[in-house]
1. Could you please find all residues in segment 69-80 being farther than 14 Å from PRO59 by Cα and buried (at least 17 other Cβ atoms within 10 Å of the Cβ)?
2. Residues that are of a type in the set (A, V, I, L, M, F, W, C) and modelled with pLDDT of 80 or more, at least 2 per element: which helices (runs of 4 or more DSSP H) completely within segment 1-78 meet that?
3. Is it fair to say ALA94 is at negative phi, at pLDDT 80 or above and in contact with a Phe, Trp or Tyr (Cβ under 8 Å, 6 or more places away or on another chain)?
4. When only residues in segment 81-136 that are assigned to a helix (DSSP H, G or I) and of a type in the set (Lys, Arg) count, which is least open to solvent (accessible area, probe 1.4 Å)?
5. Quick one: in segment 97-136, which of the residues that are closer than 21 Å to ALA75 by Cα and among the charged types (D, E, K, R) is farthest from the chain's Cα centre (by Cα)?
Amino acid sequence: MRVWPVAGAVLGLAATAVLLLPQPPATPRDRVVASVQADPGRLSIVAFGTSLTRRALWPDRLAAALGGCGFGGVAVTVRAEPGAGSVQGLAMIAGKDVSSHDLALIEFAVNAADLVDGVSRRTSLANHRAMIASLR
């Protein structure tokens with residue numbers, strides 16, 4: 001006899017949950033965004049970083065993967081040095097003209113804040129912000 005009140009309570013809670021769940025919109029909210037150009041042309045990328053960029057396969061693989069996305073061609077230029085940190089990154093970016101590139105990637109993950117080299121997390125953050133500001 002105690003099964004019916006429990007079953008009724010569970011059924012009531014389930015019905016309430018269904019009524020309170022968000023309902024899907026009447027019309028889809030997705031929209032198609034028109035392309036800015038019919039032919040996006042050549043994509044030029046520059047990658048700044050450490051040995052994770054300099055000695056890696058990902059820059060070539062990135063170019064190959066993006067090449068199938070409709071660009072007229074993709075070029076990835078690597079400007080990286082093994083062991084480099086954010087201090088060296090500032091020098092790499094300051095000494096190069098990057099205005100001809102469409103996209104810049106920064107990779108100084110491991111070596112950026114290194115107390116052995118005297119670079120605190122605060123200094124590393126300031127260096128990264130300066131690199132981004134310089135690239136803009």
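The values are calculated or read from the model by the stated rules, or taken from the named source; none is laboratory data. Computed from a prediction, not measured in an experiment: that's the story for all the values here. Cβ: placed from backbone, ideal geometry, glycine included. Neighbour counts: every protein chain shown. Quick note on the areas: whole protein, heavy atoms, side chains included, nothing else; ligands and nucleic acids left out. Shrake-Rupley method; radii C 1.70, N 1.55, O 1.52, S 1.80 Å.
1. PHE71, the sole residue that qualifies.
2. The qualifying helices (runs of 4 or more DSSP H) are 58-67.
3. Criteria not met by ALA94.
4. ARG129
5. ASP97
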